[in-house]
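These notes are about the structure you will find just below.
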Amino acid sequence: MTVERLYVIGAGASCLYGLPTLKTLTWELCNFLPSSDRSVLLAAIYECMGIDMCGPGDSVDFEGFLDRLDPRALEYLPTDKAKEPRVQAAKIALSALREFIKDKCSKVSAQQGPFDRLVRSLGEHDAIATFNWDVLLELAFRRNAKPFSYWPTQGASTLLKPHGSINWFALLDRELLSIDMRGNWDVFGGDLNYYLLFLKDPLGSKDLGASSVFVNLALASVPAIVPPIASKILSVGGEPRDGFIASGHERAMRLIWQTFQQQVTEATQLIVIGYSLPGTDASSVSTLRQFAPDAASQRRKEVLVVDKNPNVVSRYQRLVHPNAELTSDDFTTFDPPTSP
């Protein structure tokens, strides 16, 4: 189904629910960790960033920090890379991320807010693409009893998550898999060949029910997300057994991005909420450029920006479309247009 209005959601939208920005995330995540893990992370922050993080004002950008922890920088060393402080710190940071974000989302799981208004306004020609790992939108869909899908599906709103999600988990093996989908698990894209599962109730139990015991052995222990590093490649929380499984994960992400690009191209209206189009998001910038004016079409296109920073508008005007304007500086009072 053709998309006419596409919402693009960034971290600025989730901040209203108490979720941190990438700037404050490092400090908050450190304080969420047990003392032993916190010490490892603080030592790595000093090694990588040259900063003794003693208070919230010292918090380093989480994106920049993880970029410097990228284990590929140690690729050619003959030493045991698993023992490297940076590698240990990266594992701690990403492993704790789901529990930290899940805890934040749980505290507001029953809270009505601007995401509820957005979800209730959606029509059959509207879709959402969010770059956030959190599950605030999923909770809003559930509160309002509106069906949604991570893939274009008849009768459900499309919720694309090009950077993954804390309720997505990769399978790392493909032997003797049998998924019990009567419980809280479902297969991503409706096809096990992608080797991705997700929790239907994103804050619910990870109990695999009557699934084969091999599923538990194959399931990654941490969520499948795209870490905020320059390469922006999906991290599945472990080594897939073979290239076929790894290719499945890659196919899933490519299809998400292909769908995102198609929707950007089709849409006549982008509504951007709390997403500043950072230069480190090369794929996002490249995709959103496809919203450019179509010389062969008479359709008017426009970008409506909801952001506290008015300078974001000029960035969209120069990189995405000249018809970009600030429609609201406050997501809490933003009234989304209702589709017929």
*asked:* Of the residues Ser221, Ser178, Ser235, only one is touching a Gly at 6+ places or on another chain (Cβ under 7 Å) and not aliphatic (A, V, I, L, M); which?
replied: Ser221
*asked:* Would you confirm, using the coordinates I've provided, whether Val60 is in a loop (DSSP other than H, G, I, E, B), surrounded by 14 or more Cβ atoms within 10 Å (Cβ to Cβ), in contact with a His (Cβ under 9 Å, 6 or more places away or on another chain) and not basic (Lys, Arg)?
replied: no
*Considering only residues of the range 117-143 that are crowded, with 16+ Cβ neighbours inside 10 Å and without any contact (Cβ under 8 Å) to a residue 40 or more places away in the chain, which is farthest from Thr21 (Cα to Cα)?*
Arg143
*Within the range 138-156, work out how many residues are under 16 Å from Val187 (Cα atoms) and in contact with a Lys or Arg (Cβ under 7 Å, 6 or more places away or on another chain).*
1
*Scan Leu304, Leu277, Leu199, Leu217 and give me the residue that is without any contact (Cβ under 8 Å) to a residue 60 or more places away in the chain and at positive phi.*
Leu277
*Residues of the range 211-236 that turn out to be farther than 27 Å from Asn132 by Cα and in a loop (DSSP other than H, G, I, E, B), as a count*: 2
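Only one of Leu69, Leu16, Leu6 is within 21 Å of Pro114 (Cβ to Cβ) and either surrounded by fewer than 17 Cβ atoms within 10 Å (Cβ to Cβ) or modelled with pLDDT under 95 (or both); which?
Only one candidate qualifies: Leu16.
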_Among the residues that make up the range 78-86, is at least one of them over 16 Å from Leu22 (Cβ atoms), acidic (Asp, Glu) and either loosely packed, with under 13 Cβ neighbours inside 10 Å or at pLDDT 95 or above (or both)?_
yes
*Report whether or not Lys206 is surrounded by 20 or more Cβ atoms within 10 Å (Cβ to Cβ) and among the basic types (Lys, Arg).*
no
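Yes or no, residue by residue, for (1) at pLDDT below 95; (2) assigned to a loop (DSSP other than H, G, I, E, B); (3) surrounded by 15 or more Cβ atoms within 10 Å (Cβ to Cβ):
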| position | (1), (2), (3) |
| --- | --- |
| Gly238 | yes, yes, yes |
| Ala252 | no, no, yes |
| Ile271 | no, no, yes |
| Leu277 | yes, yes, yes |
| Leu288 | no, no, yes |
| Leu304 | no, no, yes |
| Gln317 | no, no, yes |
| Leu326 | no, no, yes |
| Thr338 | yes, yes, no |
*asked:* Looking at the range 149-199 only, could you name the residues that are surrounded by fewer than 18 Cβ atoms within 10 Å (Cβ to Cβ) and assigned to a strand (DSSP E or B)?
replied: Ser149, Asp186, Val187
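The values are calculated or read from the model by the stated rules, or taken from the named source; none is laboratory data. In this text, all values refer to a predicted model and were calculated from it rather than measured experimentally. Don't worry about glycine lacking a Cβ; one is built from the backbone with ideal geometry, like all the others, and counts go over all protein chains shown.
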